[in-house]
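Readers should treat all values here as calculations from the given coordinates under stated rules, not as data from a laboratory. From a predicted model like this one, the values you see are computed outputs, not experimental measurements. Cβ placement follows ideal geometry from the backbone for every residue including glycine, while neighbour counts extend to all protein chains displayed.
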Amino acid sequence: KKAQSTLLSFFGKK
Amino acid sequence: MLEGKFEEASLLKKIVEAMKDCVSSCNFNCTENGISVQAVDNSRVLLISLLIEKDTFEEYRCDRNITLGVGLGSLSKIIGNGANSDYLTISADDDADKLNIIFEDKVKDKISEYNLKLLDIDADLLDVGPMDTDATITLPSADFAKICKDMKVLSESLQIIVTKDSALFQSVGDIGTGNIVIRPKTDIDHPEESVTISLDKPIDLSFGSKYLSDIIKATSLSQKVTIKLTDQSPGVFEYKLPSGYLRFYLAPKFDE
């Protein structure tokens, strides 16, 4: 079973 | 004042269709160089980055930078009223609360004009800088769409494994498994059918099928799609516009 990551783990907020 | 005239309404139609199921509304940032959008879906898994460069337009002017908050469902409905081959002009005043949309039939003496109410959208922007890329695959966009659709019948995840001479798309689900392998191919007579794979490091990444289903709605925008993959990083799926691009950044799935 795989878990979905979010983009917030990779990109900071501007 | 912003004014942009598309040679054919179909281009903006395709762009909006490709975006509207992923994000319901977004800011169109207009500058003298063209129009750009960054928008993230509600789950923060899929990001859309759109650039429509000035050269895409038959005519373009933007005297001052303007941000236009647009409901994509509403825009889609209005654009749907025009014929694909119509000229489509969008315009807005500097402090506008509406977007003016004009279709001109190229044959009949017919002009249709609409106003779309603009929205005040307060959205977080993500800092998507230049990314390293371990593997780049370019293939016909229709082929990629078919792979995503075919694999989705098996599983909610699609695994992409890239090695030196092939890309493997794999789905493992309750009813069974599926594998599709593509290899580089140069088609001189039909360059749009070519497949290229360039690789610095082997890749093994999994993505959510439902997000890929959103991405492939951009298929009609370009005959080719370029997929940029990096270990443990979001995948980038790029559809080129005549001048500009529609890019999707998709966060990967990981083993729990």
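So if I restrict to the alpha-carbon atoms in the stretch B:47-167, what is the Rg, and what is Dmax, the biggest pairwise distance, in Å?
Rg, Dmax (Cα atoms, Å): 20.2, 57.
Quick one: putting +1 on the C-beta of Lys and Arg, -1 on the C-beta of Asp and Glu, what dipole do you get for chain B around its Cα centre, in Debye to the nearest 20? Please report the intermediate quantities before stating the final value.
Working: 28 positive and 43 negative charges, 129 e Å.
Computed about the Cα centre, the dipole is about 620 debye.
Multiply the residue separation of B:SER43 and B:ASP105 by 0.36 nm, subtract the distance between their alpha-carbon atoms, and state the gained length in nm to one decimal. Don't jump to the answer; show the numbers that get you there.
Details: separation 62, 0.36 × 62 = 22.32 nm, distance 4.00 nm.
Fully extending the segment from B:SER43 to B:ASP105 adds 18.3 nm.
Any chance you could run the full-extension gain for B:LYS117 through B:ASP204? It's 0.36 nm times the residue separation minus the Cα-Cα distance, nm to one decimal.
26.8 nm
Wrap a convex hull around the Cα atoms of the stretch B:148-238, take a quarter of its surface area, and give that in square nanometres.
6.2
Using the beta-carbon distance between B:ASP174 and B:ASP127 and R0 = 45 Å, what value does 1/(1 + (r/R0)^6) give for FRET efficiency, to the nearest 0.05?
Working: r = 39 Å, r/R0 = 0.86.
The pair B:ASP174/B:ASP127 has a calculated efficiency of 0.70.
Please give the net charge around B:GLU7, taking every other residue with its beta carbon less than 12 angstrom from that of B:GLU7, where Lys and Arg add +1 and Asp and Glu add -1.
Surrounding charge for B:GLU7 is -4.
Under 25 Å Cα to Cα from B:LYS110, which lysines show up? Leave out anything in the same chain fewer than 8 places away.
Partners within reach: B:LYS5, B:LYS13, B:LYS14, B:LYS77, B:LYS98.
As a check on your grasp of the helix formula, calculate [θ] at 222 nm for chain B: sum -39500 (n - 2.57) over DSSP H runs of n ≥ 4, divide by the residue count, round to the nearest 500.
Helices in chain B give a 222 nm mean residue ellipticity of -4500 deg cm²/dmol.
I'd like to compare B:236-248, B:191-203: which one has the highest average count of other Cβ atoms within 10 Å, and what's the full order after that?
So the peptides B:236-248, B:191-203, ranked by packing, come out B:236-248, B:191-203.
Rounded to the nearest whole Å³, what is the per residue volume of the convex hull around the Cα atoms of the protein assembly as shown?
Measuring per residue, one finds 140 Å³ for the Cα hull of the protein assembly as shown.
Can you give the local net charge around B:GLU58? Use residues other than it whose beta-carbon is closer than 14 angstrom to its beta-carbon, Lys and Arg +1, Asp and Glu -1.
-4
Determine the dipole magnitude for the stretch B:162-202: charges of +1 sit on the beta-carbon of Lys and Arg, -1 on that of Asp and Glu, nothing else is charged, the reference point is the Cα centre, and the result goes in debye to the nearest 20.
Dipole of the stretch B:162-202, to the nearest 20 debye: 240 debye.
Regarding chain B, what's the average projected area of the Cα-atom convex hull, expressed in nm²?
Averaged projected area of chain B's Cα convex hull equals 15.4 nm².
Which residue, B:VAL16, B:PHE57, B:SER243, has the largest displacement toward the positive end of the dipole of chain B when charges sit on each Cβ (Lys, Arg +1; Asp, Glu -1)?
So the residue we want is B:VAL16.
Size of the stretch B:129-195 along its principal axes in angstrom, Cα-based, largest extent first?
Principal-axis extents of the stretch B:129-195 (Cα, largest first): 40, 34, 22 Å.
Which of the listed residues, B:ILE48, B:GLY173, B:MET151, is farthest toward the dipole's positive end in the protein assembly as shown, when Lys, Arg count +1 and Asp, Glu count -1 at the beta-carbon?
Projecting each Cα onto the dipole axis, the largest value belongs to B:GLY173.
Counting Lys and Arg as +1 and Asp and Glu as -1, what is the net charge of the other residues whose Cβ lies under 13 Å from the Cβ of B:ALA96?
On the way: positive: B:ARG64, B:LYS98, B:LYS117; negative: B:GLU3, B:ASP63, B:ASP93, B:ASP94, B:ASP95, B:ASP97, B:ASP120.
Taking every other residue near B:ALA96 into account, the sum is -4.
Determine the dipole magnitude for the stretch B:4-68: charges of +1 sit on the beta-carbon of Lys and Arg, -1 on that of Asp and Glu, nothing else is charged, the reference point is the Cα centre, and the result goes in debye to the nearest 20.
So the dipole magnitude of the stretch B:4-68 works out to roughly 240 debye.
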